[in-house]
Amino acid sequence: MMTRTALTRTQDVGSFYTPVTPTRRVPDLIEDARDGLLTRPRSLPPKYFYDDRGSELFERICTTDEYYPTRTEDALLARHSGNIIARTMPDQIIELGSGSSRKTRRLFDACEAAGHVCNYSPFDVCEAVLEQAAIDLGRQYRWLTITPLLGDYHAGLGNLPGSKGTSLYVFLGSTIGNFEPDRAESFMREIVSCMASGDWLLLGADRIKDHAVLRAAYNDAEGITAEFNLNVLRVLNRELGANFEIGNFDHEAVFNEEQARIEMYLESRCDQDVYLGALGRSIRLQREERILTELSHKFSPARLQQLLHDCGLEIERHYEPANRYFSLLLARRRE
Ligand code: SAH
Ligand code: AVI
């Protein structure tokens, strides 16, 4: 991953990012660790996965044989971006949790093919991934005005920079599945409240399917998902002055059928004490005790329709592959 110094040297994208001012306060890592680790059941919010290394590991997960969501969604975008751009003709594309923006290129390719120029605002919590995306996209699409936005989308969308004309909000990768169901709905409502009449939302959502396929996607043979999961302990060691022994934990990812979600845990391999420096406290973890690190909800078409309807959206198109592994929904605000 290129460093910020390197970006300054390339001078490719001018000033690098615009910070998104929170509209509400969200807990910081110390508070999240206090809330999530000092009491049982133990848990951590998934945003802490995404330091530089975590973002790189996520990119590697996307290329594993088992992790079908990325290539399935990418194939849908490759096939339908022409249609999506023709319908929406966006003046700006605003992407939430944009990561490397790799799949979003399909939309830019379609813009190019249609001779349509637009602006792009990728919004992410990880500075390194945002920076690299801005550099790469700036090189590939010289016509594209890129405004990288750095911030936590849980802190509110009310301070996103103002926009002119038609906006296409993009939320890909089934990141919506990482939210608790109530939060998924309130977040979607927040997106809708940013949308003016005539604006669009493109949402990617992973579908319920054969449980073995789902389990394999979060238990790849190379162990990259395990590394991604364990990486959050490195984040805690660095940012919180904790002393987690990475080798004392196992990656666990199980499908909870009742809740239709993958649950990802770090499981303690032994009885152990871990010191959380910034909290001035130790916690005792018993053998096989788990820390919940991520929920990844899987959706039925009916659930997606209900979610979008309840949030004031009207579905314009529902794109899905022949195996129905993934949904790409193009929606607009219901008037
Ligand atoms: N949209 C991309 C990346 C998905 S990974 C894709 O489909 O491949 C999830 C992305 O959301 C990561 O880049 C991560 O840094 C970002 N993210 C996670 N929590 C976030 C938060 N609270 N605010 C903003 N971005 C967040
Ligand atoms: C970003 N998010 C939608 C991914 C998912 O599938 O829930 C993160 C991930 N976790 C493990 N593998 C991928």
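Where a number appears in this text, it was derived from the coordinates with a stated rule and is not lab data. Here the structure is a predicted model, which means the values were calculated and not measured. Glycine gets a Cβ as well: all are built from the backbone with ideal geometry, and neighbour counts include every protein chain shown.
Listed values, structure above:
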{"read-out": "Span per principal axis, largest first, for the Cα atoms of the chain (Å)", "value": "61, 48, 37"}
{"read-out": "Summed residue charge, Cβ within 10 Å of Arg284's Cβ, Lys/Arg positive, Asp/Glu negative", "value": "-3"}
{"read-out": "Order of Arg142, Arg261, Arg71 under a 10 Å beta carbon neighbour criterion, fewest first", "value": "Arg142, Arg71, Arg261"}
{"read-out": "Spin-label pair Asn83/Arg334, simplified geometry with 7 Å Cα→Cβ offset, distance in nm", "value": "2.3"}
{"read-out": "Debye log10 I(q)/I(0) for the range 163-283, one point scatterer per Cα, at q = 0.11, 0.17, 0.21 Å⁻¹", "value": "-0.58, -1.00, -1.14"}
{"read-out": "Those residues of the range 122-154 whose amide nitrogen sits under 18 Å from the label point placed on Val26, 7 Å along Cα→Cβ", "value": "122-131, 148-154"}
{"read-out": "Inter-site label distance for Ala302 and Glu258 at 7 Å from Cα along Cβ, in nm", "value": "1.9"}
{"read-out": "Inter-site label distance for Arg238 and Glu320 at 7 Å from Cα along Cβ, in nm", "value": "4.0"}
{"read-out": "Net charge of Cβ neighbours under 14 Å - reference Ser101; Lys, Arg +1; Asp, Glu -1", "value": "-3"}
{"read-out": "Cα-based reach from Lys209 at 17 Å (exclusive), listing lysines while leaving out same-chain residues under 8 positions away", "value": "Lys298"}
{"read-out": "Residue exposure sequence - Arg106, Arg40 - by fewest surrounding Cβ within 10 Å", "value": "Arg40, Arg106"}
{"read-out": "Cβ-based net charge around Arg25, under 13 Å, with every Lys or Arg adding one and every Asp or Glu removing one", "value": "-3"}
{"read-out": "Residue exposure sequence - Ser296, Ser163, Ser98 - by fewest surrounding Cβ within 10 Å", "value": "Ser163, Ser296, Ser98"}
{"read-out": "Along each principal axis, Cα extent of the range 248-299, largest first, Å", "value": "41, 23, 14"}
{"read-out": "Highest-fluctuation residue, Leu203, Leu168, Leu37 considered, GNM on the chain with Cα pairs under 10 Å", "value": "Leu37"}
{"read-out": "Convex hull volume of the range 63-109 per residue (C-alpha atoms, cubic angstrom)", "value": "80"}
{"read-out": "The range 47-171 - Kirkwood radius from inverse mean 1/r over Cα pairs (Å)", "value": "15.1"}
